[in-house]
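Here's the structure, in C-alpha coordinates; my notes come after.
The values are calculated or read from the model by the stated rules, or taken from the named source; none is laboratory data. Keep in mind that this is a model prediction, so the values were computed, not measured. Methodologically, a virtual Cβ is constructed for each residue, glycine included, from the backbone with ideal geometry; neighbour enumeration extends over all protein chains shown. Just the protein is used for accessible areas: all its heavy atoms, side chains included, with ligands, DNA and RNA removed. Shrake-Rupley method; radii C 1.70, N 1.55, O 1.52, S 1.80 Å.
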Amino acid sequence: MHTVTSLRPVIEAAWENRALLKDESTQKAIREIIQALDAGQLRVAQPGEPGKSWEVNEWVKKAVILYFPIQKMETFEVGPMEFHDKMALKHNYEALGVRVVPHAVARYGAYLAKGVILMPSYVNIGAYVDSGTMVDTWATVGSCAQIGKDVHLSGGVGIGGVLEPVQAAPVIIEDGCFIGSRCIVVEGVHVHREAVLGANVVLTKSTKIIDVTGSSPKEYKGEVPARSVVIPGAYTKKFPAGEYQVPCALIIGERKASTDLKTSLNNALREYDVAV
(Lines give C-alpha, C1' and ligand atoms only; values in the text may rest on other atoms or scores of the structure.)
Protein backbone atom coordinates (compact mmCIF):
# COMPACT_ATOMS: atom_id res chain seq x y z
CA MET A 1 0.00 0.00 0.00
CA HIS A 2 1.16 3.53 -0.70
CA THR A 3 -0.35 6.98 -0.42
CA VAL A 4 -0.76 9.15 -3.48
CA THR A 5 1.71 11.66 -2.04
CA SER A 6 4.39 8.96 -2.04
CA LEU A 7 4.34 9.19 -5.84
CA ARG A 8 5.90 12.65 -5.77
CA PRO A 9 9.49 11.42 -6.51
CA VAL A 10 8.20 9.61 -9.61
CA ILE A 11 6.60 12.81 -10.90
CA GLU A 12 9.63 14.96 -10.15
CA ALA A 13 11.89 12.49 -11.96
CA ALA A 14 9.64 12.41 -15.03
CA TRP A 15 9.44 16.20 -15.03
CA GLU A 16 13.24 16.37 -15.34
CA ASN A 17 13.53 13.45 -17.75
CA ARG A 18 10.61 13.09 -20.16
CA ALA A 19 11.99 9.80 -21.46
CA LEU A 20 10.60 8.26 -18.25
CA LEU A 21 7.09 8.88 -19.58
CA LYS A 22 7.54 5.74 -21.67
CA ASP A 23 7.76 3.62 -18.49
CA GLU A 24 4.55 1.87 -17.49
CA SER A 25 5.20 2.58 -13.79
CA THR A 26 5.51 6.33 -14.46
CA GLN A 27 2.31 6.38 -16.48
CA LYS A 28 0.50 4.46 -13.74
CA ALA A 29 1.66 6.97 -11.13
CA ILE A 30 0.46 9.93 -13.20
CA ARG A 31 -2.94 8.32 -13.73
CA GLU A 32 -3.31 7.61 -10.01
CA ILE A 33 -2.73 11.28 -9.27
CA ILE A 34 -5.29 12.42 -11.86
CA GLN A 35 -7.80 9.96 -10.40
CA ALA A 36 -7.16 11.39 -6.93
CA LEU A 37 -7.69 14.92 -8.27
CA ASP A 38 -10.95 13.85 -9.89
CA ALA A 39 -12.18 12.47 -6.56
CA GLY A 40 -11.05 15.50 -4.54
CA GLN A 41 -8.58 13.38 -2.56
CA LEU A 42 -5.70 15.55 -3.76
CA ARG A 43 -5.49 19.22 -4.71
CA VAL A 44 -3.06 21.41 -6.61
CA ALA A 45 -3.36 23.87 -3.71
CA GLN A 46 -5.10 23.93 -0.35
CA PRO A 47 -5.60 26.40 2.49
CA GLY A 48 -2.80 26.46 5.03
CA GLU A 49 -3.27 26.72 8.79
CA PRO A 50 -5.32 29.71 10.02
CA GLY A 51 -3.42 32.92 9.41
CA LYS A 52 -1.08 31.31 6.88
CA SER A 53 -1.07 31.42 3.09
CA TRP A 54 -2.25 28.66 0.80
CA GLU A 55 0.06 25.74 0.10
CA VAL A 56 0.71 25.03 -3.59
CA ASN A 57 1.56 21.44 -4.49
CA GLU A 58 3.78 22.17 -7.46
CA TRP A 59 4.42 18.47 -8.10
CA VAL A 60 0.68 17.80 -8.53
CA LYS A 61 0.47 20.52 -11.17
CA LYS A 62 3.42 18.87 -12.91
CA ALA A 63 1.51 15.58 -12.91
CA VAL A 64 -1.41 17.28 -14.67
CA ILE A 65 0.92 18.64 -17.35
CA LEU A 66 2.61 15.24 -17.77
CA TYR A 67 -0.79 13.56 -18.19
CA PHE A 68 -1.26 15.10 -21.64
CA PRO A 69 1.71 13.47 -23.44
CA ILE A 70 0.82 9.97 -22.15
CA GLN A 71 -2.76 10.20 -23.41
CA LYS A 72 -3.73 9.22 -26.95
CA MET A 73 -6.16 11.12 -29.12
CA GLU A 74 -9.55 9.45 -29.34
CA THR A 75 -12.84 10.12 -31.06
CA PHE A 76 -15.92 9.75 -28.89
CA GLU A 77 -19.56 10.64 -29.33
CA VAL A 78 -22.15 12.09 -26.98
CA GLY A 79 -25.51 11.87 -28.66
CA PRO A 80 -25.21 13.72 -31.99
CA MET A 81 -22.01 15.48 -30.89
CA GLU A 82 -18.53 14.24 -31.71
CA PHE A 83 -15.29 15.03 -29.87
CA HIS A 84 -11.67 14.29 -30.74
CA ASP A 85 -9.41 14.77 -27.73
CA LYS A 86 -7.00 13.23 -25.24
CA MET A 87 -9.16 13.81 -22.18
CA ALA A 88 -12.23 11.98 -20.99
CA LEU A 89 -15.16 13.90 -19.54
CA LYS A 90 -16.49 13.62 -16.00
CA HIS A 91 -19.54 11.44 -15.54
CA ASN A 92 -21.90 10.03 -12.92
CA TYR A 93 -23.11 13.48 -11.84
CA GLU A 94 -26.24 12.20 -10.10
CA ALA A 95 -24.14 10.19 -7.65
CA LEU A 96 -21.85 13.18 -7.14
CA GLY A 97 -24.81 15.43 -6.32
CA VAL A 98 -23.87 17.91 -9.03
CA ARG A 99 -26.37 19.67 -11.31
CA VAL A 100 -25.11 19.94 -14.89
CA VAL A 101 -27.14 21.95 -17.40
CA PRO A 102 -26.61 21.23 -21.12
CA HIS A 103 -24.06 22.04 -22.55
CA ALA A 104 -21.80 22.23 -19.51
CA VAL A 105 -18.53 20.33 -19.81
CA ALA A 106 -16.11 19.26 -17.09
CA ARG A 107 -13.01 17.24 -17.85
CA TYR A 108 -11.98 14.13 -15.96
CA GLY A 109 -9.46 15.18 -13.33
CA ALA A 110 -11.52 18.18 -12.19
CA TYR A 111 -13.24 17.92 -8.81
CA LEU A 112 -16.84 19.08 -8.38
CA ALA A 113 -18.20 18.93 -4.84
CA LYS A 114 -21.79 18.08 -3.93
CA GLY A 115 -24.14 20.96 -4.58
CA VAL A 116 -22.15 22.53 -7.41
CA ILE A 117 -24.25 23.86 -10.31
CA LEU A 118 -22.80 24.04 -13.79
CA MET A 119 -24.73 26.15 -16.24
CA PRO A 120 -23.48 25.82 -19.85
CA SER A 121 -19.83 26.29 -18.90
CA TYR A 122 -16.41 24.65 -18.86
CA VAL A 123 -14.24 23.27 -16.04
CA ASN A 124 -10.75 22.09 -16.95
CA ILE A 125 -8.58 19.29 -15.56
CA GLY A 126 -7.05 19.81 -12.12
CA ALA A 127 -9.62 22.41 -11.06
CA TYR A 128 -11.31 22.18 -7.65
CA VAL A 129 -14.83 23.57 -7.29
CA ASP A 130 -16.25 23.37 -3.78
CA SER A 131 -19.82 22.87 -2.56
CA GLY A 132 -22.64 25.31 -3.25
CA THR A 133 -20.80 27.11 -6.04
CA MET A 134 -22.46 28.13 -9.30
CA VAL A 135 -20.48 28.29 -12.52
CA ASP A 136 -22.80 30.42 -14.61
CA THR A 137 -23.41 30.52 -18.36
CA TRP A 138 -20.26 30.60 -20.54
CA ALA A 139 -17.99 30.90 -17.52
CA THR A 140 -14.73 28.95 -17.64
CA VAL A 141 -12.70 27.51 -14.78
CA GLY A 142 -9.13 27.02 -15.95
CA SER A 143 -6.83 24.12 -15.25
CA CYS A 144 -5.95 23.70 -11.57
CA ALA A 145 -7.95 26.77 -10.45
CA GLN A 146 -9.22 26.56 -6.87
CA ILE A 147 -12.81 27.75 -6.33
CA GLY A 148 -14.21 27.82 -2.78
CA LYS A 149 -17.63 27.16 -1.28
CA ASP A 150 -20.73 29.21 -2.17
CA VAL A 151 -18.97 31.16 -4.91
CA HIS A 152 -20.88 32.67 -7.83
CA LEU A 153 -18.95 32.87 -11.10
CA SER A 154 -21.29 35.02 -13.20
CA GLY A 155 -21.90 34.79 -16.92
CA GLY A 156 -18.81 34.88 -19.09
CA VAL A 157 -16.30 34.90 -16.24
CA GLY A 158 -12.83 33.68 -17.21
CA ILE A 159 -10.80 32.03 -14.46
CA GLY A 160 -7.32 31.35 -15.81
CA GLY A 161 -5.45 28.07 -15.74
CA VAL A 162 -1.82 27.15 -15.15
CA LEU A 163 -1.03 25.00 -18.17
CA GLU A 164 -0.77 27.31 -21.17
CA PRO A 165 1.45 29.09 -20.46
CA VAL A 166 2.72 27.34 -17.36
CA GLN A 167 2.09 29.55 -14.32
CA ALA A 168 3.72 29.12 -10.93
CA ALA A 169 0.50 29.19 -8.91
CA PRO A 170 -3.17 28.59 -9.65
CA VAL A 171 -5.91 31.19 -9.42
CA ILE A 172 -7.60 30.98 -6.02
CA ILE A 173 -11.14 32.22 -5.39
CA GLU A 174 -12.01 31.72 -1.71
CA ASP A 175 -15.37 30.94 -0.07
CA GLY A 176 -18.33 33.24 -0.58
CA CYS A 177 -16.91 35.37 -3.39
CA PHE A 178 -19.09 36.94 -6.07
CA ILE A 179 -17.35 37.35 -9.42
CA GLY A 180 -19.34 39.64 -11.71
CA SER A 181 -20.14 39.19 -15.38
CA ARG A 182 -17.23 39.08 -17.83
CA CYS A 183 -14.56 39.33 -15.12
CA ILE A 184 -11.15 37.87 -15.93
CA VAL A 185 -8.91 36.52 -13.15
CA VAL A 186 -5.63 34.99 -14.32
CA GLU A 187 -1.94 34.41 -13.55
CA GLY A 188 -2.38 33.04 -10.05
CA VAL A 189 -4.31 35.98 -8.61
CA HIS A 190 -5.75 35.23 -5.15
CA VAL A 191 -9.21 36.59 -4.32
CA HIS A 192 -9.81 36.26 -0.58
CA ARG A 193 -13.07 35.21 1.05
CA GLU A 194 -16.37 37.00 0.37
CA ALA A 195 -14.86 39.58 -1.98
CA VAL A 196 -17.07 41.03 -4.71
CA LEU A 197 -15.73 41.83 -8.18
CA GLY A 198 -17.96 44.06 -10.28
CA ALA A 199 -18.59 43.36 -13.95
CA ASN A 200 -15.57 43.53 -16.28
CA VAL A 201 -12.88 43.61 -13.60
CA VAL A 202 -9.65 42.22 -15.09
CA LEU A 203 -7.00 40.97 -12.69
CA THR A 204 -3.55 39.76 -13.73
CA LYS A 205 -0.46 39.39 -11.57
CA SER A 206 0.66 42.88 -12.61
CA THR A 207 -2.71 44.66 -12.36
CA LYS A 208 -2.73 47.45 -9.80
CA ILE A 209 -5.49 46.87 -7.24
CA ILE A 210 -5.94 50.21 -5.49
CA ASP A 211 -7.87 50.72 -2.26
CA VAL A 212 -9.38 54.19 -2.57
CA THR A 213 -11.49 54.10 0.58
CA GLY A 214 -8.98 55.92 2.81
CA SER A 215 -7.38 59.35 2.74
CA SER A 216 -4.55 57.99 0.56
CA PRO A 217 -4.51 55.07 -1.89
CA LYS A 218 -3.20 51.67 -0.85
CA GLU A 219 -1.94 49.41 -3.60
CA TYR A 220 -2.09 45.62 -3.92
CA LYS A 221 -0.94 43.28 -6.67
CA GLY A 222 -1.90 39.66 -7.15
CA GLU A 223 -4.49 39.53 -4.39
CA VAL A 224 -7.81 41.02 -3.36
CA PRO A 225 -8.36 41.41 0.41
CA ALA A 226 -11.28 39.65 2.06
CA ARG A 227 -14.74 41.23 1.73
CA SER A 228 -13.49 43.92 -0.67
CA VAL A 229 -15.87 45.43 -3.21
CA VAL A 230 -13.95 45.96 -6.46
CA ILE A 231 -14.77 47.75 -9.72
CA PRO A 232 -12.80 48.45 -12.93
CA GLY A 233 -10.72 51.62 -12.94
CA ALA A 234 -7.89 53.37 -14.77
CA TYR A 235 -4.86 55.47 -13.91
CA THR A 236 -2.66 57.78 -15.97
CA LYS A 237 0.75 56.50 -17.05
CA LYS A 238 3.45 58.31 -18.98
CA PHE A 239 4.85 56.73 -22.13
CA PRO A 240 7.39 58.11 -24.66
CA ALA A 241 4.45 58.96 -26.92
CA GLY A 242 2.49 60.72 -24.18
CA GLU A 243 0.17 60.03 -21.25
CA TYR A 244 -2.46 57.32 -21.50
CA GLN A 245 -5.01 55.58 -19.32
CA VAL A 246 -3.99 52.12 -18.09
CA PRO A 247 -6.54 49.67 -16.60
CA CYS A 248 -6.53 48.93 -12.89
CA ALA A 249 -9.01 47.73 -10.26
CA LEU A 250 -10.43 49.91 -7.50
CA ILE A 251 -11.44 48.76 -4.04
CA ILE A 252 -14.33 51.09 -3.26
CA GLY A 253 -15.58 49.57 -0.02
CA GLU A 254 -16.27 46.47 2.00
CA ARG A 255 -19.24 44.15 2.13
CA LYS A 256 -21.42 45.07 5.06
CA ALA A 257 -21.58 42.47 7.81
CA SER A 258 -25.14 43.54 8.62
CA THR A 259 -26.39 42.47 5.19
CA ASP A 260 -27.53 38.92 4.59
CA LEU A 261 -24.90 37.03 2.58
CA LYS A 262 -27.07 36.12 -0.40
CA THR A 263 -28.64 39.56 -0.50
CA SER A 264 -25.25 41.24 -0.38
CA LEU A 265 -24.04 39.22 -3.33
CA ASN A 266 -26.65 40.93 -5.45
CA ASN A 267 -26.64 44.32 -3.75
CA ALA A 268 -23.07 44.93 -2.59
CA LEU A 269 -22.20 46.94 -5.68
CA ARG A 270 -25.53 48.74 -5.78
CA GLU A 271 -24.83 49.97 -2.25
CA TYR A 272 -21.95 51.91 -3.81
CA ASP A 273 -24.05 53.05 -6.79
CA VAL A 274 -22.32 50.61 -9.12
CA ALA A 275 -24.22 48.23 -11.37
CA VAL A 276 -23.50 44.50 -11.03
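Could you tell me the distance between the Cα centroids of segment 26-40 and segment 144-209, to the nearest Å? Answer, in whole Å: 25.
Sorting 102-110, 241-249, 140-148 by average packing, meaning the other beta carbons within 10 Å per residue, from highest down gives 140-148, 102-110, 241-249. Once backbone amide H atoms are built at 1.01 Å from N, Gly233 has Cys248, Ala249, Leu250 as its partners under 5 Å, excluding neighbours fewer than 5 places away on the same chain. Taking the 1.4 Å solvent-accessible surface of the chain as the whole, the part contributed by carbon and sulfur is 52%.
FRET efficiency for the Lys86 to Ala168 pair, using the beta carbon distance and R₀ = 30 Å, is estimated at 0.80. Cross-linked pairs Lys221/Lys256; Lys22/Lys86; Lys61/Lys208; Lys52/Lys208; Lys28/Lys86: Cα-Cα separations exceed 19 Å for Lys221/Lys256; Lys61/Lys208; Lys52/Lys208. With a probe of 1.4 Å, find how much accessible area the chain has per residue, and write the answer as a whole number in Å². Heavy-atom SASA per residue in the chain reads 51 Å². For Met73, the accessible surface of its heavy atoms amounts to roughly 90 Å² (probe 1.4 Å, protein chains only, rounded to the nearest 10).
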